[in-house]
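The values are calculated or read from the model by the stated rules, or taken from the named source; none is laboratory data. Note that the coordinates shown come from a computational prediction; the quantities given were computed from them, not determined experimentally. All Cβ positions, even for glycine, are placed from backbone atoms using ideal geometry, and neighbour counts span all protein chains on display. Ligands, DNA and RNA are stripped out before the accessible areas are found, and what is left, the full protein with its side chains, is counted by its heavy atoms. Shrake-Rupley method; radii C 1.70, N 1.55, O 1.52, S 1.80 Å.
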Amino acid sequence: MLRPPLLSALVVICLGTGLVLAEAPNNAVGDTIAARRGLMNQLATLQTLVDARVSSGGYSPELYDLGQAAAASLDAFAVLLPPQSNLLGGAPAIEGVDTTAAAAIWDDLPAFRQLLRDTAAHARAASEAADLAGFQAEWDKVAQSCSSCHESYVVFDPFAAFN
Ligand code: HEC
């Protein structure tokens, strides 16, 4: 037979699980936002690695892997945009979760996803180029897309550093 202290510990565990399940939808949205921000930070790291390889002057086979990884990150970002994650466009706030993804993304989600796919295609084309000049020509298009997409679809708070 279960002794009372053990029994009450089990009750607490069951109650705890119920609480976690009740919060699951919010946590899932928070995790989704964390995952997409993680992919973008990964893209920034890949960009730094590409720049280092390119400035070393010769074609390096690693450029293939870096280009493919960038393409995969951009494609994965496209599936991490549920409407509940549009926090700046009125979706319920989630404690401890921030995003700079602009509401405009959800005005025309297919168009936004297309931008991601186009950028991924340039990253793949760079990756599959035969030489450094070919790589650079395509990678320049990737870099331009980073900036132009951020201009239209990312909201940066210029006063964030002062808060
Ligand atoms: C088609 C649009 C698009 C493209 C292309 C794009 N980004 Fe982003 N990026 C975003 C969005 C949207 C966010 C905001 C994500 C969020 O807060 O949920 C973001 C956020 C970021 C962030 C901040 C991540 C954080 O911690 O919040 C970095 C860094 C970044 N992008 C780097 C890059 C780099 C480097 C490239 C190009 C290789 C790139 N992005 C291409 C849309 C794009």
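Annotations
- Per-region count, segment 83-130, residues within 24 Å of GLY67 (Cα to Cα) and modelled with pLDDT under 95: 1
- Tally, over segment 103-124, of residues that are within 17 Å of GLN47 (Cα to Cα) and of a type in the set (S, T, N, Q): 1
- Any hit, segment 92-99, residues being under 13 Å from the mean Cα position of the chain (by Cα) and among the β-branched types (Val, Ile, Thr): yes
- Of the criteria (1) free of Cβ contacts under 8 Å to residues at least 24 places away in the same chain; (2) open to solvent by less than 50 Å² (accessible area, probe 1.4 Å); (3) under 21 Å from HIS150 (Cα atoms), which one PHE112 fails: (1)
- Scanning segment 33-44 turns up no residue that is outside any helix (DSSP H, G or I), buried (at least 16 other Cβ atoms within 10 Å of the Cβ) and not aromatic (Phe, Trp, Tyr).
- Counting only helices (runs of 4 or more DSSP H) that sit completely within segment 103-163, those holding 3 or more residues that are among the aliphatic types (A, V, I, L, M) and more than 11 Å from the ligand (Cβ to nearest atom) correspond to 109-127, 132-153.
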